[in-house]
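Just so you know, all these numbers are worked out from the coordinates, no wet-lab data involved. The structure displayed is predicted, hence computed values, not measured ones. Neighbour counts run over all protein chains shown; Cβ positions are idealised from the backbone, glycine included.
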Amino acid sequence: MSEVIDEIKAVVGDYPLKLLLTRYSGKRVCVPQTRNLGPTHDLALCLGMKTAEAFCGRFGGHALYIPKNTAATLVARNQAIIKDYGAGLSVREMVRKYGLNERSVHRILNGK
C-alpha cells in the first residue's frame, strides 16, 4: 500500500478508507479545509460528517491522488453495493454513491 493510503487509513480507519478508494479511485481529490466542509459536500456524503471532518482536518487544503482500485477494493466495493441494495438503497442512489453507471450496478447485483 502507498504511504498516502497508509496515512489516510491511520486518520479514518479501514471502512472509510474502502469508501474513499471506491468513490475516488484513480482521481485527484481536492480536500477542503474543515471550515469549508458542509453536510452536502461529496466527502461528507461519502464518509459521514464526523469522519470527513477528521479527514479534512488532516488533509484539508491539499490535493490527494487516490490510487486506482485493486482487486481487493473492488471486491469490497461490490460487497458494499450488494449490502446497500439489501438495505433498500435504489440503483440510482448507488450510482451517485459509488460513481458508477446503472449498468455497472446492475451487473454487480446480478453477480456478473
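Taking each of K50/K97; K50/K83; K9/K50 in turn, the alpha-carbon distance tops 20 angstrom for K50/K83. What shape does region 3-66 have by the C-alpha gyration tensor, where a ≥ b ≥ c are the square roots of the eigenvalues, rounded means a/c under 1.5, and otherwise prolate means a/b greater than b/c and oblate the rest? Verdict is rounded for region 3-66.
Among the helices of the chain (complete DSSP H runs), which have Cα atoms covering no less than 20 Å along the helix axis and a Kyte-Doolittle mean of at least 0.0?
Details: long enough: 71-86 (23 Å, 0.18).
Once both thresholds are applied, what remains is 71-86.
Extension gain, A87 to R107, is 5.4 nm, computed as 0.36 nm per intervening residue step minus the present C-alpha separation.
Which trypsin sites (Lys or Arg not before Pro) does region 41-97 hold that lie in a coil by DSSP with at most 12 other beta carbons within 10 Å? Intermediate values should be presented prior to the final figure.
Details: sites: K50, R58, K68, R77, K83, R92, R96, K97; in loops: K68.
For trypsin sites (Lys or Arg not before Pro) across region 41-97 that sit outside H, G, I, E and B with at most 12 neighbouring Cβ atoms in 10 Å, the list reads K68.
Taking only the C-alpha atoms of the chain, the Rg (one decimal) and the largest Cα-Cα distance, Dmax (whole number), read 14.0, 42 Å.
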